[in-house]
Amino acid sequence: IYADENLISQVLINLLKNAIVANRNNPSGRITISVGRGNNQQPEISVIDNGPGISEENIDEIFVPFFTTKKEGSGIGLNISKQIMLEHGGNLKVISVPGKETTFCLTF
């Protein structure tokens, strides 16, 4: 992967912080980072947590600037993270099953 190490690190830090907040009240909270290749053999990094998930009504809004469901959130972290990935010719996708897990996948 040819990428700006500082920018990709910032994306991962943002996703990890979000996962920690999501699991704040979960006594069996778990965060997993996996690295591999996707269906098209593209390199991928996934951040997975078993927090409450993202509701159907919010899933389409989370990458919109200034959208947040957190009191302490600014709503720009995921938008900036997605823009960083797009600038690297990749993408940032999310899959969430409320009550089970949320996966953010960086595809390069």
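Structure values in brief
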read-out	value
Whole-number percent relative contact order across the chain, with pairs defined as alpha carbons under 8 Å at least 6 apart	29 percent
Pair-distance profile P(r), taking every C-alpha pair of the chain, with 10 angstrom steps and integer %	15, 49, 32, 5
Residue 54 long-range amide H proximity, modeled H, under 5 Å	97
Solvent-accessible area per residue, Å², over the chain with all protein chains present [probe radius 1.4 Å]	64 Å²
The chain: angle of helix 77-87 to the longest principal axis, Cα-based, in degrees nearest 10	20 degrees
Peptide ranges 95-102, 8-15 listed from the most packed, as the mean C-beta count within 10 angstrom indicates	8-15, 95-102
Charge sum, other residues only, whose C-beta stays under 15 Å from residue 108's C-beta, Lys/Arg counted +1 and Asp/Glu -1	-1
Simple label model, 7 Å out from Cα along Cβ direction - residue 60 to residue 5, nm	4.1 nm
Contour excess over end-to-end distance, with Cα ends at residue 35 and residue 86 and 0.36 nm allotted per residue	16.5 nm
Table column - 3J(HN,Hα) (Hz), segment 96-101, Karplus curve with 6.51, -1.76, 1.60, x for Gly and Pro	9, 10, x, x, 10, 6
With Cα atoms, 0 to 90° folded angle of helix 5-22 axis to the chain main axis	20 degrees
Gain in span if fully extended, residue 103 to residue 26, counting 0.36 nm per residue against the direct Cα distance	26.0 nm
For the chain: lysine pairs under 21 Å (alpha-carbon distance), excluding those fewer than 8 apart on one chain	9
Carbon + sulfur, % of accessible area of the chain - ligands and nucleic acids excluded, 1.4 Å	52 percent
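The values are calculated or read from the model by the stated rules, or taken from the named source; none is laboratory data. All values derive from a computational prediction rather than experimental measurement. Using ideal geometry, Cβ is built from the backbone for each residue, glycine included, and neighbour counts are taken over all protein chains shown. The protein model used for the area step is the full one, side chains on, heavy atoms only, and it has no ligands, DNA or RNA in it. Shrake-Rupley method; radii C 1.70, N 1.55, O 1.52, S 1.80 Å.
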